[in-house]
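Working notes, beginning with the structure itself.
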Amino acid sequence: MSINLYDLTRAQLDGLLVSWELKPVHVPLLWNYLYLGLADSLDAMPKLPPKLRARLKAHTHFGVLPTAFETDSSDGFTRKYLLALADGEKIETVLMRFTGRVTACISSQVGCAMGCVFCATGQMGYTRHLTAGEIVAQAVHVARALRTAKEPHRLRNIVLMGMGEPLHNYDAVMHAIEIMRDETGLALGAERITLSTVGVVPGILRLAKEKRPLHLAVSLHAATQAERAALVPAAKKWPLDELMAACRTYSETTGRRIFYEWTLIEGKNDSIEHARAVGRLLHGLPAQVNLIPLNPTAGYTGAPTRTEAAKHFQHILSEEFKIPSTVRQRRGIDIAAGCGQLAVADRL
Ligand code: SAH
Ligand code: SF4
């Protein structure tokens, strides 16, 4: 079977060359071509020795993801790519330029099995996991697009907040992170990668045990089990008390603060009482709350909390509970590139 070069860590590339009885001394050249030169074919690697070129040609391929469609938001801050996978499936990847920093929001699955009621990806259902190579290829795609457009900034951050639940696809996601972190390649190190989970408890505990270098975000949305289960069906499998215990273990083991995401839905989870409930729930934990006013999706009728009410929510968190919070800026909504809006139209 042909090997996707984006599936391999640098050490695995070494191993591959050794298995071909070639000297791994050529790996730095190949790796530089892949992740510094962002080469998309052997033709773009002119200095490769002929024997290595022949082996690569026979046994490997570049899992480049062709753009099926791309759109820019009217404010120019966000670009969304619909990328084609080799089996005909499609995923979305978003490039965001906020405060001079370029962040790629990348997908971990085709669709999602978790079924959160207000999320377009959840509404399309689950098709399959992405491979590590398909995850890495999204970062490479964005890095290459920035270079082609001669943009002044290079890719700095990755958020695993696109389509899918990353901890449902744990092994491939962690393998991809290892490749993207490599300092001699894309160099997207621990402080540059944020993984957002709906609250897959075994995954959070495994992250803690393995001390994975990343920022963790947990999608909370409600501070009681009943309210949460109505919005996030996965909460029935991993109840709120188990989730909070896992978050506590994670913060204690890693010494890291967790970001708690709260999609603000008017009249549903945005009252003063809700703010106090989340304040009590997170009391004593190293936490920051990210408030995300609901973005519209085809399958959910709720409205976003208005700016004033969101500020009030924030005020209660900071004044009464000393919990820092931010309100996510609504960007890319005109091209359905906001949180929870990613989906593949023909699957909805
Ligand atoms: N599966 C992961 C990551 C992808 S979703 C997770 O659920 O955390 C990224 C964030 O967008 C999550 O916090 C999610 O709850 C939120 N989100 C989903 N749909 C949304 C919507 N319609 N409006 C605002 N935020 C939404
Ligand atoms: Fe899946 Fe996250 Fe959407 Fe829930 S919010 S359906 S976990 S992608």
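The values are calculated or read from the model by the stated rules, or taken from the named source; none is laboratory data. Treat the numbers as computed from the prediction; the structure is a model and nothing was measured. Note that each Cβ is placed from the backbone with ideal geometry, even for glycine, and that neighbours are counted across all protein chains shown. Ligands, DNA and RNA are stripped out before the accessible areas are found, and what is left, the full protein with its side chains, is counted by its heavy atoms. Shrake-Rupley method; radii C 1.70, N 1.55, O 1.52, S 1.80 Å.
What is the one condition in (1) within 16 Å of ligand 1 (Cβ to nearest atom); (2) open to solvent by less than 10 Å² (accessible area, probe 1.4 Å) that Met161 does not satisfy?
(2)
Could you give me the residue pairs with C-beta distances under 7 Å whose first residue belongs to the stretch 13-39 and is under 11 Å from Gly185 (Cα atoms), whose second residue is part of a loop (DSSP other than H, G, I, E, B) and hydroxyl-bearing (Ser, Thr, Tyr) wherever it lies, and which are 6+ apart or on separate chains?
Listed by first residue and then by second, the contacts come to Trp31/Thr184.
If you scan the stretch 109-134, which residues turn out to be assigned to a strand (DSSP E or B), open to solvent by 20 Å² or more (accessible area, probe 1.4 Å) and within 11 Å of ligand 2 (Cβ to nearest atom)?
Just the residues of the stretch 109-134 that are assigned to a strand (DSSP E or B), to begin with: 109-111, 126-129.
Still in the running and open to solvent by 20 Å² or more (accessible area, probe 1.4 Å): 126-129.
Correct list: Tyr126 only.
Kindly indicate whether any position in the stretch 247-270 is without any contact (Cβ under 8 Å) to a residue 60 or more places away in the chain, more than 24 Å from the chain's Cα centre (by Cα) and buried (at least 21 other Cβ atoms within 10 Å of the Cβ).
yes
Name the residue, out of Ile333, Ile292, that is within 16 Å of ligand 2 (Cβ to nearest atom), closer than 26 Å to Leu95 by Cα and either surrounded by fewer than 18 Cβ atoms within 10 Å (Cβ to Cβ) or among the β-branched types (Val, Ile, Thr) (or both).
Ile292
Scan the stretch 159-184 for residues that are under 23 Å from Leu38 (Cβ atoms), small (Gly, Ala, Ser) and within 14 Å of ligand 2 (Cβ to nearest atom) and jot them down.
The one that is under 23 Å from Leu38 (Cβ atoms), small (Gly, Ala, Ser) and within 14 Å of ligand 2 (Cβ to nearest atom): Gly162.
Residue check: is Arg248 over 19 Å from Met161 (Cα atoms) and touching a helix residue (DSSP H, G or I) at 6+ places or on another chain (Cβ under 6 Å)?
Against the criterion (over 19 Å from Met161 (Cα atoms) and touching a helix residue (DSSP H, G or I) at 6+ places or on another chain (Cβ under 6 Å)), Arg248 does not qualify.
Residue-by-condition table, conditions (1) touching a residue at least 60 places away in the same chain (Cβ under 8 Å); (2) outside any loop (DSSP other than H, G, I, E, B); (3) closer than 23 Å to Val102 by Cβ:
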| site | (1), (2), (3) |
| --- | --- |
| Asn290 | yes, yes, yes |
| Gly302 | yes, no, no |
| His312 | no, yes, no |
| Ile316 | no, yes, no |
| Glu319 | no, yes, no |
| Ile323 | no, no, no |
| Arg331 | yes, no, yes |
| Leu342 | yes, no, yes |
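Table: residues versus (1) touching a Ser or Thr at 6+ places or on another chain (Cβ under 8 Å); (2) over 18 Å from Trp31 (Cα atoms).
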| position | (1), (2) |
| --- | --- |
| Gly122 | no, yes |
| Thr127 | no, yes |
| Leu130 | yes, yes |
| Val140 | no, no |
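Sort through Arg276, Arg347 and tell me the only one that's of a type in the set (Lys, Arg), at pLDDT 95 or above and more than 19 Å from Met96 (Cβ to Cβ).
After applying the criteria, what remains is Arg276.
May I ask you to say which residue of His153, His168 is in a helix (DSSP H, G or I) and either under 10 Å from the mean Cα position of the chain (by Cα) or not assigned by TED's automatic domain parsing to the domain that holds Asn32 (or both)?
Numbers: His153 fails: in a helix (DSSP H, G or I).
Step by step, each of His153, His168 is checked, and only His168 is in a helix (DSSP H, G or I) and either under 10 Å from the mean Cα position of the chain (by Cα) or not assigned by TED's automatic domain parsing to the domain that holds Asn32 (or both).
If you take the residues of the stretch 228-251 that are in contact with a Lys or Arg (Cβ under 8 Å, 6 or more places away or on another chain) and hydroxyl-bearing (Ser, Thr, Tyr), which of them is farthest from ligand 1 (Cβ to nearest atom)?
Going through the qualifying residues, I end up with Ser251.
Which one is farthest from Phe313 (Cα to Cα), of the residues in the stretch 237-246 that are surrounded by fewer than 22 Cβ atoms within 10 Å (Cβ to Cβ) and not small (Gly, Ala, Ser)?
Of everything passing the filter in the stretch 237-246, Lys237 is farthest from Phe313 (Cα to Cα).
From the list Thr103, Thr99, exactly one residue is under 15 Å from Val159 (Cβ atoms), within 16 Å of ligand 1 (Cβ to nearest atom) and out of contact with any Asp or Glu (no Cβ under 9 Å at 6 or more places or on another chain). Which is it? Let's see the steps before the verdict.
On the way: Thr99 fails: within 16 Å of ligand 1 (Cβ to nearest atom).
The conditions single out Thr103.
Working only within the stretch 185-236, note down all residues that are within 23 Å of Val142 (Cβ to Cβ), within 16 Å of ligand 2 (Cβ to nearest atom) and open to solvent by 20 Å² or more (accessible area, probe 1.4 Å).
If the condition is that a residue be within 23 Å of Val142 (Cβ to Cβ), within 16 Å of ligand 2 (Cβ to nearest atom) and open to solvent by 20 Å² or more (accessible area, probe 1.4 Å), then Thr194 is the only one that fits.
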